[in-house]
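Report on the structure given below.
The values are calculated or read from the model by the stated rules, or taken from the named source; none is laboratory data. Note that the structure is predicted; figures quoted are calculated from it, not measured. In this analysis, Cβ positions are derived from the backbone assuming ideal geometry, glycine residues included, and neighbour counts consider all displayed protein chains. In case anyone asks, the SASA skips ligands and DNA or RNA and just uses the protein heavy atoms, side chains included. Shrake-Rupley method; radii C 1.70, N 1.55, O 1.52, S 1.80 Å.
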Amino acid sequence: MRKVLLGTTAMVAAGMLASAPSAIAAEKLKLGVSGYMEQWFGYSAQDGVSGQDFSGFNQISDAEVFFKGSTELDNGLTVGVDVQLEGNTGGDQIDESYMWINGSFGQFILGSENTAQYKMGYGPSDFGIGLISGDQPSWVTPVADADGDKINLTGKGYWRNPMGSSSWVEVLGMNDTQGVSYYTPRFQGVQIGLTYTPDVSAGEDNGSMPNRDKDNADAISAGVNYKQSFDNASVGASLTYGTVTRTMADDDSDPSALSMGLTVGVGGFGIGASYAAFDDSGVKNGEGYAVGANYATGPWGLSLTYFHGERDGTMMDDMLMDQAALNTVHLSAKYALGPGVTAKGTLGHASIESDDTAIDESVDDISATYLVVGVAVSY
């Protein structure tokens with residue numbers, strides 16, 4: 001399958017060169033600046049544990065600056081770039097960084113970007129801090145027992161995994177890894193996407209050649225979705241799958257990720273559901289699902305969403321390790337204050353339970369209720 005994808009890429013590239021005119025009249029690409037900033041303030045009341053108090057106020061920021069630009073060539077192709085600068089990070093300063101090429105054939109994306117599996121998934125809407133987009137850890141903190149053992153919420157198997165998401169997952173939870181993606185034009189509401197990732201283990205912005213005897217390599221991710229509007233109604237459906245064809249595991253496991261989603265809208269009302277599952281993925285194995293309903297009218301919006309995610313864990317010396325489950329419900333609201341400026345709020349409750357053998361029973365079940373308000377600005 002990888003050879004087919006690479007061969008198709010080569011043929012399209014050859015066609016681009018062959019159709020290019022000898023005189024260049026197109027203008028040189030120029031970059032513009034866009035992005036977003038979100039500022040949140042809230043209070044969380046979390047279960048008390050001896051010697052640990054995680055109840056109180058907190059302030060959270062999230063911001064990115066996008067440097068984007070495109071140019072239309074004389075042969076009709078459009079070439080663009082997208083480099084995204086993190087506004088709040090102590091590690092990776094650049095998020096996505098990729099080039100895209102559009103034509104009548106569809107779109108190619110080359111570089112550090114999420115896979116087709118991630119980008120094509122649908123699921124329920126949450127108008128607040130985000131139920132299935134990794135925001136709970138800011139308001140629900142894992143607690144530790146006297147030996148330091150934790151119910152690990154933010155570590156092994158959370159975001160882009162079924163423990164924390166049911167719509168936007170990627171095989172083995174990889175993120176913005178260097179690769180090549182192709183998306184077909186949307187026909188009768190249907191679009192197909194395909195991504196090849198050479199080095200799964202390296203992470204984003206890494207161009208080294210993987211050792212295919214020791215590294216997770218040669219991942220294939222695919223997605224198909226459908227969206228259509230009918231008078232005052234709309235419907236969307238998605239099915240995505242990803243697998244790693246060369247794995248560092250000593251056995252014959254083939255890590256895989258599956259997700260599916262459905263959304264329906266009538267007038268201002270909308271409902272949605274999504275499901276995701278990992279197999280042969282070590283401690284990240286598990287499944288998650290979400291259901292929700294929302295209503296929007298004028299500048300106002302209200303949503304109610306529930307998510308359940310779990311990590312199966314692994315057996316080691318007859319002990320269950322790294323198992324956990326997360327249940328979250330969000331009641332969220334939004335109000336458009338003006339162009340690109342939206343006030344948001346979430347009243348949420350989340351609980352984490354674990355059957356991990358090594359975790360003390362006094363901390364294997366924690367929960368928190370939180371009220372968070374904020375302002376989101378896009379530019």
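As a test of understanding, state the convex hull volume per residue of region 251-379 from its alpha carbons, in Å³.
Values: hull volume 17.3 nm³, N = 129.
Considering the Cα atoms of region 251-379, their hull volume per residue is 134 Å³.
Would you compute, for the Cα atoms of the chain, the largest minus smallest coordinate along each principal axis and list the three values in descending order, in whole Å?
Here the spans come out as 75, 56, 39 Å, largest first.
Let me have the 222 nm mean residue ellipticity of the chain computed from DSSP H runs of 4+ only, each contributing -39500 (n - 2.57), with the sum over all residues rounded to the nearest 500.
Details: 2 runs with 22 residues, N = 379.
Helices in the chain give a 222 nm mean residue ellipticity of -2000 deg cm²/dmol.
Quick one: Debye curve from the alpha-carbon atoms of region 40-151 only, equal weights, vacuum; give me log10 I(q)/I(0) at q = 0.19, 0.24 Å⁻¹ to two decimals.
-1.16, -1.33
Can you sort Lys344, Lys214, Lys119, Lys28 by solvent-accessible area, 1.4 Å probe, largest first? Kindly include the intermediate steps, with their values, before the conclusion.
Values: Lys344 50, Lys214 140, Lys119 90, Lys28 175 Å².
Ranked list, largest accessible area first: Lys28, Lys214, Lys119, Lys344.
Name the most mobile residue of Gln84, Gln228, Gln323, meaning the one with the largest mean-square fluctuation, in a Gaussian network model of the chain with Cα contacts below 10 Å.
Answer for the Gaussian network model of the chain: Gln228.
Which angle from 0 to 90°, rounded to the nearest 10, does the C-alpha axis of helix 2-19 make with the longest principal axis of the chain?
Relative to the chain, helix 2-19 is tipped by roughly 40 degrees.
Taking 56 Å as R0, compute the FRET efficiency from the Cβ-Cβ separation of Leu371 and Asn232 and round it to 0.05. List each step's numbers first, then the result.
Working: r = 34 Å, r/R0 = 0.61.
My answer for the efficiency is 0.95.
For the chain, what does the relative contact order come out to in percent, with C-alpha contacts under 8 Å and a separation of six or more?
Numbers: 1093 pairs, mean separation 62.5, N = 379.
It comes to 16 percent, rounded to a whole number.
Put +1 on the Cβ of every Lys and Arg and -1 on every Asp and Glu Cβ in region 30-99; which of Ser70, Gln59, Gln93 then has its Cα farthest towards the positive end of the dipole?
Positive-end residue among those listed: Ser70.
Given Cβ point charges of +1 (Lys, Arg) and -1 (Asp, Glu) and nothing else, what value in debye, to the nearest 20, does the dipole of region 268-379 about its Cα centre take? Intermediate values should be presented prior to the final figure.
Values: 4 positive and 15 negative charges, 278 e Å.
My answer is approximately 1340 debye.
Report, in debye and to the nearest 20, how large the dipole of the chain comes out about its Cα centre when Lys and Arg carry +1 and Asp and Glu carry -1 on their Cβ. Don't jump to the answer; show the numbers that get you there.
Details: 18 positive and 47 negative charges, 444 e Å.
For this selection, approximately 2140 debye.
Accessible area per residue for the chain in Å², computed with a 1.4 Å probe and the full protein assembly in place, what is it?
Result: 48 Å² of accessible area for each residue.
As a quick test, which of the pairs Lys68/Lys344; Lys30/Lys119; Lys119/Lys227; Lys227/Lys334 have an alpha carbon distance above 22 angstrom in this structure? Could the numbers behind the result be given before it?
Values: Lys68/Lys344 27 Å; Lys30/Lys119 26 Å; Lys119/Lys227 14 Å; Lys227/Lys334 24 Å.
Long pairs (Cα-Cα over 22 Å): Lys68/Lys344; Lys30/Lys119; Lys227/Lys334.
Build a GNM of the chain with springs between Cα atoms under 10 Å: which of Gly345, Gly173, Gly189 gets the top mean-square fluctuation?
Maximum fluctuation in the GNM of the chain, among the listed residues, is at Gly189.
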